[in-house]
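**Student:** Let me give you the structure first, and then I'll get to my questions.
The values are calculated or read from the model by the stated rules, or taken from the named source; none is laboratory data. No experiment lies behind these values; they were computed from the predicted model shown. Ideal geometry is used to build each Cβ from the backbone, glycine not excepted, and the neighbour counts take in all protein chains shown.
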Amino acid sequence: MQVAPEISFHHMSRSQWIEDYIDKRIGRLANLADDMIACRVALEQEQGHQHTGNPYRVRVEVTIPPKKDLIAEKTGTVGDPQVQLRPVIRRAFEAIERQLKKEQGKRRGDVKQHDSEPRGIVIELNPALEYGVLQDAAGTHYTFHRDAVLHGDYDRLTEGTEVRFEPDVEMENEEGWLEEEFRASTVQLLHKPVTPISDTE
């Protein structure tokens, strides 16, 4: 790795067991992509959630040649950090591993680039809550957070913007059970704007 890994903590205390576990997961990423340029991991305990507590959020960013950014973000409920935080970290790294494997496949010619990532149209934006909704060609809706938009382009999005995105359907509900919720872990602006896909089509 060309740049030393970065691990940051927000609204939570640093912990040696967390850093040791993250170091191991970063080592696995380096084995998948020995030319990885950088890896940044941000852990946060979100504040001000009256009904759901203050959930953990884990964001993993990886840069690979030629300066392409891969991002995965997961959230989870609060409890004993060693019980509740570890699976959130694991799922964030597993999402990044899937993206890295896909990129490696592209390089080997196993996957055609234009077919490898789905495209969609932004159909809703909520700047106050920092999220949006996009719709793919099949009519499926995917929510995404501001941080999922590559290159800080969230503020450039408008309804009708065409994007390329990485789907992610694994989420945990408040009780810790997996439920299917369609989300986009990364969103990349392509063209803007186009006519949104009609629900009646």
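**Student:** Considering only residues that are β-branched (Val, Ile, Thr) and surrounded by 17 or more Cβ atoms within 10 Å (Cβ to Cβ), look in the range 124-162 and name the one that is nearest to Gln99 (Cα to Cα).
**Tutor:** Step by step, filter the range 124-162, then rank; the result is Val149.
**Student:** I need the strands (runs of 3 or more DSSP E) fully contained in the range 1-111, keeping only those with at least 1 residues that are modelled with pLDDT under 95 and among the basic types (Lys, Arg).
**Tutor:** 56-64, 68-76
**Student:** For the range 135-154, how many residues are over 18 Å from the mean Cα position of the chain (by Cα) and either without any contact (Cβ under 8 Å) to a residue 12 or more places away in the chain or assigned to a helix (DSSP H, G or I) (or both)?
**Tutor:** Matching residues across the range 135-154 total 1.
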